[in-house]
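Enquirer: So that we are looking at the same thing, I have put the structure below in structure tokens.
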Amino acid sequence: MKNKLYDIKKYINYKIDVLEFYSYLSSINQHFKKQDGSGLLSGSIIEMFIEEYLKKKLNYEKFNNKQNDCKINNHELSIKKISGKTKIALKWSKNKNKEKISEFSDIMLINIPDKTIWWKKLFGLSEEIPAGIFFISKDVISKIKLISNNKSDYIISEKVLYNLLQESMKNKLFIEFPKEIKKYTYKLEHTFI
């Protein structure tokens, strides 16, 4: 499965303008960061932007089946976006008939960190997680221990997520975003055609 993820990573890295993509994402993130209580709104707008951008640049198909969000080059992926130290849910469900973790998809995780160094000294792990696109194999996910909260039984903890992202970098399943970005001003009315 990792070979297919390497192919997807190479394809995305070749087809998208990584500087432009990250600059747009950062502009949206920074715009909403200034406003209290806008977490859900900014997350939704970023998700919509990612989908529209990737549709224009890639062989991309929206595909909501099980935990998938899309197909890129006919490969099923779940897309996650984070902007700092966090847990992620593979699925938002409190289900008594638990889905097997082996049934989950490969993950394309986009990290758009704010200015803080997040994960510094977390659990004694001191490597900074850079901004970029991380690819996590469902084979790797099938071996991790999940935790629960009041909304889901399918949560990847901060420490486990940190290790997964480190492993993605080590295995070259990672596209690093540039350190410098283009400055854009995000305005909601500019999103209309």
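The values are calculated or read from the model by the stated rules, or taken from the named source; none is laboratory data. Since this is a predicted model, take the numbers as computed values, not measurements. A quick note on method: Cβ atoms are made from the backbone with ideal geometry, for glycine too, and the neighbour counts reach across all protein chains shown.
Enquirer: Among the residues of segment 158-191 satisfying the criterion of being in a loop (DSSP other than H, G, I, E, B) and within 15 Å of the chain's Cα centre (by Cα), which is farthest from Y11 (Cα to Cα)?
Expert: Per the stated criteria, the residue is F177.
Enquirer: For segment 102-119, indicate whether the set of residues that are in contact with a strand residue (DSSP E or B) (Cβ under 8 Å, 6 or more places away or on another chain), aromatic (F, W, Y) and modelled with pLDDT under 70 is non-empty.
Expert: Yes, segment 102-119 contains at least one residue that is in contact with a strand residue (DSSP E or B) (Cβ under 8 Å, 6 or more places away or on another chain), aromatic (F, W, Y) and modelled with pLDDT under 70.
Enquirer: Oh, and also: Could you look through segment 68-82, keep only residues that are surrounded by 13 or more Cβ atoms within 10 Å (Cβ to Cβ) and assigned to a loop (DSSP other than H, G, I, E, B), and pick out the one that is modelled with the highest pLDDT?
Expert: N73
Enquirer: Same structure, new question: I'm checking my understanding of the structure. Among residues of segment 8-67 that are polar (S, T, N, Q) and in a helix (DSSP H, G or I), which one is modelled with the highest pLDDT?
Expert: My answer is N13.
Enquirer: Next up: Return the total of residues in segment 85-101 being in contact with a Phe, Trp or Tyr (Cβ under 7 Å, 6 or more places away or on another chain) and at pLDDT 75 or above.
Expert: Result for segment 85-101: 4.
Enquirer: If you don't mind, another one. Just need a number here: residues in segment 49-88 that are polar (S, T, N, Q), within 19 Å of K9 (Cα to Cα) and touching a residue at least 60 places away in the same chain (Cβ under 8 Å).
Expert: 1
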